[in-house]
Structures are given as structure tokens and as C-alpha cells.
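So the structure is just underneath, and the comments pick up after that.
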Amino acid sequence: MAQILKFSEEVIEKAVNILKKGGVVAFPTETVYGLGANGLNPEAVIKIFEIKNRPFFYPLILHIGRKEDANKFWKNIDRRGEKLIEKFWPGPLTIILPKSEIVPYVVSAGFENVGIRMPKHSVALEILKKVDFPVAAPSANISGGLSPTEAKHVEQQIGDKIELIIDGGRCPIGIESTVIDLTTEKNVILRPGGITKEEIEKVIGKVKIIDRTDKKLGQFSLHYSLKTPLQILRDLSEVKSGIRAGLLAFGEIKEKEKFVKIEVLSEKGDLKEAANKFFSCLYNLDNANLDIIYAQQVPEKGLGIAIMDRLKKLAIKN
Ligand code: TXA
Ligand code: MG
């Protein structure tokens, strides 16, 4: 069973030692908890895929502690990349560009490109600054499971398979990084996340968001799964009676008596608060033995785009 240790200098040191020896560690970032390994050591990286039961065709993100290190792991950075790094790193933006030769194919899942980001979290940054390699890290959940935003979520899913989980409290952003592909002339968001399309467009101009719920997209359509079915609620009249229904609420809550459990993303309709609580609320609902989770829609603007993207993927039937 994993040790869950509150962040301290000593614990950081312990994590660094595990990474240097080719092991894996779960640590907090500003978005979600990551499961990290030495990104230049293929054997260490393979452990991540095994622990998560993740398909090998699903690429990993490299995490770095200094902006200038990106030059080592990409072939070259164009002007768009430079501008985005300048504006958003450290922060929840992953940039995809052609990889350099030293990045192993197991990290990029055989592709010639690699996603890199510099996280904005003191624990993650301290670890990254103390190692001389990039840390490959997906979200620290079983493949397809909910992304963890608290140490106990990591424990629940992979606690029996790893040595150490660093507890840094609830992740401040709570939703994964935005993934942007700059390998063609078009600017394409492959995954909406913590940095909004609007924010990016102010820096590099027009950006297109791929619809990840489109089943034709193959690997990008891999979706989250819950124990409990989830339905996006357009109108309260859709709620079935006589079953244990839960509600993921946003804004004012009406007809409370229809639900046996309600988790509120944001009563005042604040999207930042909603993103922050999103995965925690879903964990609570999914652990409450419900027949169905109804999720209220949030406005599809700003962070609401990332939230609705996750909800639509959760609502896809297996
Ligand atoms: O916020 C985050 O990004 C978190 C924290 C731990 O940094 N990490 C994370 O990693 O969410 P993961 O592996 O759970 O999700 C990475 C996403 C996947 O959808 C993957 O397909 C996409 O980014 N991705 C990564 N590298 C890619 C690449 N080279 N080409 C296309 N898509 C890529
Ligand atoms: Mg993930």
C-alpha cells in the first residue's frame, strides 16, 4: 500500500530519490494529481502504463521545472510556442511540437511529437527542479477513471500499486491542462482545460477546438467511466421518479426533493469554482450508490467548455 505523506522537504527528497531510481510517484499539480516517472527512462515510463492499465498508443506529457528545458525535448520552438510559453508557463497549458531524438517513443506513443508543460504548483516544481530529467506524468488514475484532485482519489484507484502519494491538498484548478497542437499551421486544441480558448486567442490568434466526443476520432475518444450512469440534464422534467437519483448542480437548485444526493459545483454560477470542485463532486456522487447521476449543464464559454467536454465524455455509454 502507498504511503500518503503530507508535503515537506523530506517527502520531496524521498520522491526525488524514487524517481532517480526509476520508480513512480504520485504528486499534486495545479490541475490534477500526476503519476510521474523519469521521462527519459523507458523502463520507468512503462511502469506508468502498467499501473494505470493505459493503452500504449496513448501519449504522455513531459513536465519540466524550467522553461528553457523545453528546447532539449522539442526539435525547435516556433514563435507561437514561444509566445504561449512566455504567457502561460508555469501553468495549465500543454504544448505539442515535434520531439527531439532523446525523447523515447514510449513517451510519445510512437508519434514524432511530444506534449510538454511546466506546472504551477510548488510541490511539482520543487520535484522537477531537483531532477535532471523531465517527468512523464499522466493523471494519477486508472485508465478511463476520474482524474484525481485529492490524494485520497489517487489512493482509491492505484494506492495498492505505488509506493508514495504526496498529499498537497485539493488541486487549485481541478481540471486538466489545455492541450494545444502546434505541429501544423493551424492552432488546434485537442483537449480544452485550465487555460481557455479565449485566453490563447489573445496571444496567437484563431484557435480551433476538436470535438473529443466525436466517436470517429479514435484514440481521442477514450472516455472517462463511472460506476454510475450519468445523464446531462436539460430540464428537471427529465428526472425519473422512484430511483436513487443524484444531482451535480450548477446555479440555483430547484426541486431538491427529487434527489437523494446533491453536489454543488457552484451555487452562484462561477465557472472557476465549478472547475475546481468538478472531480471531487463526481467522486462523491459516484461513491453514493446511486442509480443515476443527473448533471446540470454549465454555459459553454471560458472554463465551461472544459467542464462540458468532460460531462459529454462521461455521458457516453460504454
Ligand atoms: O493537467 C494535466 O495535463 C495532467 C497533469 C498531471 O499534468 N496530466 C494529464 O495527462 O492529464 P493525461 O495523460 O491524463 O492526459 C494527456 C492528454 C491525453 O488526452 C493525450 O492523448 C493528450 O493529452 N496528449 C498528450 N501528448 C500528446 C501528443 N503527443 N499528441 C496528441 N495528444 C497528446
Ligand atoms: Mg488522464
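Structural remarks
- Estimated FRET transfer efficiency when R0 is 35 angstrom, pair Phe111-Arg234 (beta carbons, to 0.05): 0.40
- Segment 1-133: relative contact order in percent, alpha carbon pairs under 8 Å with at least 6 residues between: 30
- Electrostatic dipole magnitude of segment 230-317 [Cβ: Lys, Arg +1; Asp, Glu -1; Cα centre; debye, to 20]: 200
- Within segment 3-221, DSSP assigns beta bridges of which about 55% are antiparallel (rounded to the nearest 5).
- Cross-link table Lys99/Lys129; Lys47/Lys120; Lys72/Lys130; Lys6/Lys152; Lys6/Lys277; Lys47/Lys99, entries beyond 23 Å C-alpha to C-alpha: Lys47/Lys120
- Amide hydrogen proximity for Lys99: with H placed 1.01 Å from N in the peptide plane, the residues at 5 or more positions away or on another chain lying under 5 Å are Lys75, Asn113, Val114.
- Toward the positive end of the charge dipole of the chain, with +1 on the Cβ of Lys and Arg and -1 on the Cβ of Asp and Glu, the farthest Cα among Pro148, Ile18, Phe7 is that of Pro148.
- Value of relative contact order over the chain, rounded to a whole percent, pairs C-alpha under 8 Å and six or more apart: 19
- Length-normalised contact order for segment 230-317 - Cα pairs under 8 Å, 6+ apart - percent: 37
- Accessible carbon and sulfur surface of segment 230-317 relative to its total accessible area, %, 1.4 Å: 45
- Remark: segment 3-221 carries a charge dipole of roughly 440 debye about the Cα centre, counting +1 on each Lys and Arg Cβ and -1 on each Asp and Glu Cβ.
- FRET efficiency, Glu13 to Glu163 (Cβ-Cβ, R0 25 Å, nearest 0.05): 0.95
- Taking the C-alpha atoms of segment 62-199, convex hull volume expressed per residue in Å³: 121
- Stokes-Einstein D for segment 266-315, Kirkwood Rh over Cα pairs, 37 °C, 0.692 mPa s (µm²/s): 287
- Taken over segment 230-317, the alpha-carbon convex hull comes to 85 cubic angstrom per residue.
- Largest GNM mean-square fluctuation among Ala44, Ala137, Ala124, using the chain with Cα springs under 10 Å: Ala44.
- Across every direction, the projection of the convex hull enclosing the Cα atoms of segment 125-282 has a mean area of 13.1 nm².
- Derived value for the chain: Kirkwood hydrodynamic radius 20.0 Å. Basis is the mean of 1/r over every pair of different alpha-carbon atoms.
- Listed by number, the DSSP H helices of the chain that run 15 Å or longer by alpha-carbon position along their axis and have mean Kyte hydropathy of at least 0.0 are 9-20, 42-52, 303-315.
- For segment 44-77, the residues whose amide N sits under 16 Å from a probe point set 7 Å from the Cα of Ile102 along the beta carbon direction are 62-77.
- Residue-averaged 222 nm ellipticity for the chain, from DSSP H runs of 4+ at -39500 (n - 2.57), nearest 500: -8500 deg cm²/dmol
- Simple rule: put +1 on each Lys or Arg Cβ and -1 on each Asp or Glu Cβ in segment 230-317, find the dipole, and look at Gln296, Ala306, Gly242; the Cα lying farthest toward the positive end is Ala306.
- Accessible-area order (highest first, 1.4 angstrom probe) of the listed residues Ser237, Ser225: Ser237, Ser225
- Remark: segment 230-317 carries 46 Å² of accessible area per residue (probe radius 1.4 Å; ligands, DNA and RNA excluded).
The values are calculated or read from the model by the stated rules, or taken from the named source; none is laboratory data. In this text, all values refer to a predicted model and were calculated from it rather than measured experimentally. Because the Cβ atoms are built from the backbone with ideal geometry, glycine has one as well, and the counts that use them run over all protein chains shown. Only protein heavy atoms, including side chains, enter the accessible area calculation; ligands, DNA and RNA are left aside. Shrake-Rupley method; radii C 1.70, N 1.55, O 1.52, S 1.80 Å.
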